[in-house]
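Heads up: the structure comes next, in structure tokens.
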Number of protein chains: 2
Amino acid sequence: MQQQISVITLGIKDLCRSRNFYANGFGWVPVFENAEIIFYQMNGLVLGTWLEDALLTDMKRPAPTASSASSLAHNVPMMDDVEPLMARLIDHGGKLLRPADAPPYGGLRGYISDPDGHAWEIAWNPAWAIDDKGHVTFGL
Amino acid sequence: MQQQISVITLGIKDLCRSRNFYANGFGWVPVFENAEIIFYQMNGLVLGTWLEDALLTDMKRPAPTASSASSLAHNVPMMDDVEPLMARLIDHGGKLLRPADAPPYGGLRGYISDPDGHAWEIAWNPAWAIDDKGHVTFGL
């Protein structure tokens, strides 16, 4: 069995608001968009932002469940990249959850939520290699 | 800015129960584990399953928010792989959300939730290429 995640799909309420955060805040270029979904080609997987009602219907879940917490992370190449990116995301509709500080294992990280409440950790973690295609390798 | 997701961290209540789903159900081999977190090296990113209280403390979120819906997907190489994997995940603590059927855009997919309520789409999508390292490319 491949250790493989193909897609992360985030439910959103407003396509335009979400697009502003991802396309203008992160600066990511959509690979496909229509009136209900935007896809971004990522590092070996695809990110989708899809109107929440459509996603729930597709999953056959009647409502957003009180599911457990979760977080996505975007790691940056240098320590000095963390805070400017967090500021830029806040300028594009993100909300600050945790200002950047050093976690116990080293590096620097803070948390932002996107306009729909999905948490993003913005991190510099020198122990985790990132290659030129954005593929990330676990390290200690 | 790299179009890159470094980590997906799922909040979980019980490490052993979650490990059974991911390590025995999906058959994924942990790259690191301790008493509160398990990491899996995936296709260019890392999957973490972390005790929910620790994740919430790290994010500085007081409680799991009523955040929007979200879903992860694992795509399989052949149509006939979808239902056996769904059955295997159910045998390891997953719950059926949607039995496998054909979506409007083709292929075959169903949804399972993990023991903590995180949704996984198990899909065969012939339009999306998967290479031998598990890197997935968007296609129409």
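The values are calculated or read from the model by the stated rules, or taken from the named source; none is laboratory data. Predicted model, so just to flag it, every value in this text is computed and none were measured. Backbone-built Cβ (ideal geometry, glycine too); neighbour counts: all protein chains shown. Ligands, DNA and RNA are excluded from the accessible area calculation, which covers all protein heavy atoms including side chains. Shrake-Rupley method; radii C 1.70, N 1.55, O 1.52, S 1.80 Å.
Annotations for the structure displayed:
- Test for A:Thr9: is it polar (S, T, N, Q), in contact (Cβ under 8 Å) with a residue 24 or more places away in the chain and open to solvent by 10 Å² or more (accessible area, probe 1.4 Å): yes
- Comparison of A:Pro104, A:Pro126, A:Pro115 shows that the only residue that is in a loop (DSSP other than H, G, I, E, B) and under 30 Å from B:Ser113 (Cα atoms) is A:Pro115.
- Taking (1) of a type outside the set (Lys, Arg); (2) in contact (Cβ under 8 Å) with a residue 40 or more places away in the chain; (3) buried (at least 18 other Cβ atoms within 10 Å of the Cβ) in turn, B:Trp28 satisfies each apart from (2).
- Of the residues making up region A:88-97, those that are under 13 Å from the mean Cα position of the chain (by Cα) and among the small types (Gly, Ala, Ser) number 1.
- B:Lys95 closer than 30 Å to A:Val76 by Cα and surrounded by fewer than 19 Cβ atoms within 10 Å (Cβ to Cβ): no
- Qualifying residue in region B:56-70 (condition: buried (at least 16 other Cβ atoms within 10 Å of the Cβ), within 14 Å of A:Ile5 (Cα to Cα) and either of a type in the set (Asp, Glu) or in contact with a Lys or Arg (Cβ under 8 Å, 6 or more places away or on another chain) (or both)): no
- Residue that is farthest from B:Trp120 (Cα to Cα) [pool: residues in region A:24-55 that are within 7 Å of another protein chain (Cβ to nearest Cβ) and in contact with a Lys or Arg (Cβ under 7 Å, 6 or more places away or on another chain)]: A:Asn43
- In region B:71-87, residue farthest from the chain's Cα centre (by Cα) [restricted to those that are open to solvent by 90 Å² or more (accessible area, probe 1.4 Å) and not hydrophobic (A, V, I, L, M, F, W, C)]: B:Asp80
- Against the numbered list (1) within 15 Å of B:Ala69 (Cβ to Cβ); (2) among the charged types (D, E, K, R); (3) more than 8 Å from chain B (Cβ to nearest Cβ), A:Asp58 comes up short only at (3).
- So B:Ala35, is it free of Cβ contacts under 8 Å to residues at least 12 places away in the same chain and either in a loop (DSSP other than H, G, I, E, B) or open to solvent by 50 Å² or more (accessible area, probe 1.4 Å) (or both): no
- Scope region B:61-84; condition out of contact with any Ser or Thr (no Cβ under 7 Å at 6 or more places or on another chain), facing chain A (nearest Cβ under 9 Å) and either outside any loop (DSSP other than H, G, I, E, B) or in contact (Cβ under 8 Å) with a residue 24 or more places away in the chain (or both); matching residues: B:Ala69, B:Leu72, B:Val76, B:Pro77
- Of all the residues in region A:12-25, those that are open to solvent by 30 Å² or more (accessible area, probe 1.4 Å), in contact with an Asp or Glu (Cβ under 8 Å, 6 or more places away or on another chain) and closer than 19 Å to A:Ala73 by Cα number 1.
- Residue selected from region B:46-55 under the condition of a type outside the set (Val, Ile, Thr) and touching a Gly at 6+ places or on another chain (Cβ under 9 Å), by the criterion most open to solvent (accessible area, probe 1.4 Å): B:Asp53
- Test: residue in region A:99-109 that is open to solvent by less than 20 Å² (accessible area, probe 1.4 Å) and within 9 Å of another protein chain (Cβ to nearest Cβ): yes
- Every pair of residues 6+ apart whose Cβ atoms lie under 7 Å, when the first sits in region B:85-109 and is within 17 Å of B:Gly27 (Cα to Cα) while the second is surrounded by fewer than 17 Cβ atoms within 10 Å (Cβ to Cβ): B:Ile90/B:Leu96; B:His92/B:Asn20; B:His92/B:Asn24; B:Gly93/B:Arg17; B:Gly93/B:Asn20
- Considering A:Asp81, A:Asp53, A:Asp58, the condition of being modelled with pLDDT of 95 or more and not aromatic (Phe, Trp, Tyr) is satisfied by A:Asp81 alone.
- Identity of the residue in region A:1-23, under 15 Å from the mean Cα position of the chain (by Cα) and part of a loop (DSSP other than H, G, I, E, B), that ends up nearest to the other protein chains (Cβ to nearest Cβ): A:Ser6
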